[in-house]
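The structure appears right after this line, and notes come after that.
The values are calculated or read from the model by the stated rules, or taken from the named source; none is laboratory data. This is a predicted model, so every value here is computed, not measured. Note: ideal-geometry Cβ built from the backbone for every residue, glycine included; neighbour counts use all protein chains shown. Surface accessibility is based on the protein's heavy atoms, side chains included, excluding ligands, DNA and RNA. Shrake-Rupley method; radii C 1.70, N 1.55, O 1.52, S 1.80 Å.
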Amino acid sequence: MRLNKDKMLKTTEIAEKSMKENLVPGLAMAYISEGKTIKFDTLGIANPATGEKVRLTTHFEAASLTKPIFAKIVLKLAGEGVLDLDAPLSKYAPEAMPSNDPRCKDITARQVLSHGTGLPDWGNAPVEMLFTPGTSFGYSGKGYTYLQDVVEKLTGRRVDDLMQTEVFNPLRMDDAAMVWTGPLNRTLARTVDAEGKIEPPRDRCQHSVAIEPNCAFSLHVTIKDYPKFVESVIGDSALIEEISSYKNPADYGVEWGLGWGLYKDIIWHWGDNGGFKSLICFDPETKDGILIHTNGFNGLQVCYDVAGYVMEYSFDNIKEMVAHAE
C-alpha cells in the first residue's frame, strides 16, 4: 500500500463529498510517507453549535486508538520481565478477574492483545464469557481493562502515568490526555449523531460501563499527536515483528496481532466512541499510511472513503469485520 501523493490534491474534494453524504461535520487527517508525517488537513466544523472550524489544535477522542499505545507498553514490560505474555493474568491479580467463569483463570496478556479472551466487549463484572480463551476472536475492551488492572498492580502506577512517562513525554505528544477535564472540553470537538443532530458537550470520555483513565478508549488527541506515535511504531522493526508474530483470525480475512489489526500487507486500527470515529492504517514495508479523526457518528464511512481513495486500497473486508465486531 502506497500513499498516492498526486491524489492528495483531490482528497479534500473526496472527503467533503463523503462528509456531506454521511452527515459528518468535521475531519482531521495526517498523511504519512516513508515513515514521516508529511501533511495535515483539517476540514469542516469542530463545533456545530458555534460554527467553529476544525483546527490543528482541535481535540478528538481517539477511542480504541488508545489500545495500540497500551499494547506497546505491555510489550515493553514483557520484554523487561515484568509480566509473561503467556502466563495466566490470574497469577498476578486474581482479585481483578472480570468473570466467575472458571475459564477466566486462563486468560493471558497475549490473548487480551489479540482479542482472544472470550470476554465480551463491555459489561459490568462479573461478565459471562463467550468462548474458551485462545479458541476464537471476540473484540473486547473488557479484556483490555482487565489487563490494565494487572499492569497497574505490577507496576504500582496508573495507566495514565505509564502512558505519559513511557509514550507521551518521549514522543512530545504534548496535547495528549487520558482523562477528560473542563479545560480540555474547550478544545474538544462537538459530536453529532447518526442523523447529524448535535450531541450534548462531553463531561467525560464517552462510555457507559467504564471509567477514566482507560487503556481501551480514553485517549484525547489533536491531529498532530497520534502520528508521532505511529512514526515510532513504523520506525521500530522489532516492534513491528512482535506485533505481527501472533495472528488471531477474525473474519473476512482480517487477523489480529498484538495490539493491532492485520490485513494482507497493512497494520491498522479503528476507533469508535459514538460520535467520534477514527482510523489509522499503514504499510510496514512502504512505511506509508493515513490517520483520520472525525466527529460524526457515521464517520467511519468517511474514513474508509478517504483512506481508500488516497491509499488506493480496498477497505471492504475491514469494513465488514468492524461492522460484525461491534
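Which length gain, in nm to one decimal place, applies between Lys76 and Lys36 when the Cα-Cα distance is subtracted from 0.36 nm times their residue separation?
Stretched fully, the Lys76-Lys36 segment lengthens by 12.1 nm.
Hey, how many Å between the Cα centroid of segment 26-48 and the Cα centroid of segment 140-155?
31 Å
Normalised by the number of residues in segment 210-326, what is the relative contact order in percent for Cα pairs under 8 Å and 6+ residues apart?
Over segment 210-326, the number comes to 16 percent.
Go ahead and set up a Gaussian network model of the chain, Cα springs under 10 Å, then flag whichever of Asp160, Asp251, Asp288 fluctuates most.
The residue with the greatest mean-square fluctuation here is Asp251.
Multiply the residue separation of Ala87 and Arg204 by 0.36 nm, subtract the distance between their alpha-carbon atoms, and state the gained length in nm to one decimal.
38.7 nm
Assign unit charges at the C-beta atoms only (+1 for Lys and Arg, -1 for Asp and Glu), then state the dipole size of the chain relative to its Cα centre in Debye, rounded to the nearest 20.
In debye, rounded to 20, the chain gives about 580.
For segment 41-128, compute the number of Lys pairs whose alpha carbons are separated by less than 22 Å, excluding pairs fewer than 8 positions apart on the same chain.
4
As an exercise, identify the GluC sites (Glu not before Pro) in segment 5-57 lying in DSSP coil whose Cβ has no more than 16 other Cβ atoms within 10 Å. It would help to have the intermediate numbers written out before the result.
Numbers: sites: Glu13, Glu16, Glu21, Glu34, Glu52; in loops: Glu34.
In loop regions of segment 5-57 (DSSP not H, G, I, E or B), the sparsely surrounded GluC sites (Glu not before Pro) are Glu34.
When only Cα pairs under 8 Å and 6 or more residues apart are kept, what is the percent relative contact order across segment 258-326?
Relative contact order here is 21 percent.
At 0.36 nm per residue, and after removing the present C-alpha to C-alpha distance, how many nm does the segment from Lys153 to Glu52 gain when stretched out fully?
Once the chain is fully extended between Lys153 and Glu52, it gains 32.1 nm.
Just grab the label-to-label distance for Ser136 and Glu95, each label 7 Å out from Cα along the Cβ direction, in nm (one decimal).
The two pseudo-label positions are separated by 3.3 nm.
Mean residue ellipticity at 222 nm from the helices of the chain, using -39,500 (n - 2.57) per DSSP H segment of n ≥ 4 over the full residue count, to the nearest 500 deg cm²/dmol?
-8500 deg cm²/dmol
Roughly how many nanometres apart are two label points built 7 Å out from the Cα toward the Cβ at Lys20 and Ala323?
If labels sit at Lys20 and Ala323, their model points lie 2.5 nm apart.
Remind me, relative contact order of the chain in percent, using alpha carbon pairs under 8 angstrom and six or more residues apart? Spell out each step's value before the answer.
Numbers: 703 pairs, mean separation 90.3, N = 326.
In percent, rounded to a whole number, it is 28.
From the residues Ser114, Ala49, Thr12, which one has its Cα farthest along the dipole of segment 1-156 in the positive direction, the dipole being from +1 and -1 charges on Cβ of Lys/Arg and Asp/Glu about the Cα centre?
Thr12
Ignoring ligands, DNA and RNA, what percent of the accessible area of the chain is carbon or sulfur (1.4 Å)?
Details: 6380 of 13100 Å².
C and S atoms contribute 49 percent here.
With springs only between Cα atoms under 10 Å, which of Ala176, Ala93, Ala250 fluctuates most in a Gaussian network model of the chain?
So, out of Ala176, Ala93, Ala250, the one fluctuating most is Ala93.
Out of these labelled values of Rg/Rh (Cα atoms, Kirkwood Rh), [x] 1.30; [y] 1.02; [z] 0.95, which was calculated from the coordinates shown here?
So the calculated entry is the one marked [z].
With springs only between Cα atoms under 10 Å, which of Val127, Val306, Val230 fluctuates most in a Gaussian network model of the chain?
Val127
So if I place +1 on the C-beta of Lys and Arg and -1 on the C-beta of Asp and Glu, and nothing else carries charge, what would the dipole magnitude of segment 207-280 be about its Cα centre? I want it in debye, nearest 20.
180 debye
Around Ser237, with a cut-off of 13 angstrom between Cβ atoms, what is the net charge of the other residues, counting Lys and Arg +1 and Asp and Glu -1?
After counting each charged neighbour, the total is -3.
Note the count of lysine pairs whose C-alpha atoms are less than 28 angstrom apart in segment 185-326, limited to pairs 8 or more residues apart or on different chains.
Here the count comes out as 22.
Modelled label-to-label distance, Asp174 and Glu312, 7 Å Cα→beta-carbon offset: nm?
Modelled inter-label distance: 3.7 nm.
Could you do me a favour and compute the accessible area per residue for the chain, 1.4 Å probe, result in Å²? Present the calculation step by step, with values, prior to reporting the outcome.
Details: 13100 Å² over 326 residues.
Result: 40 Å² per residue.
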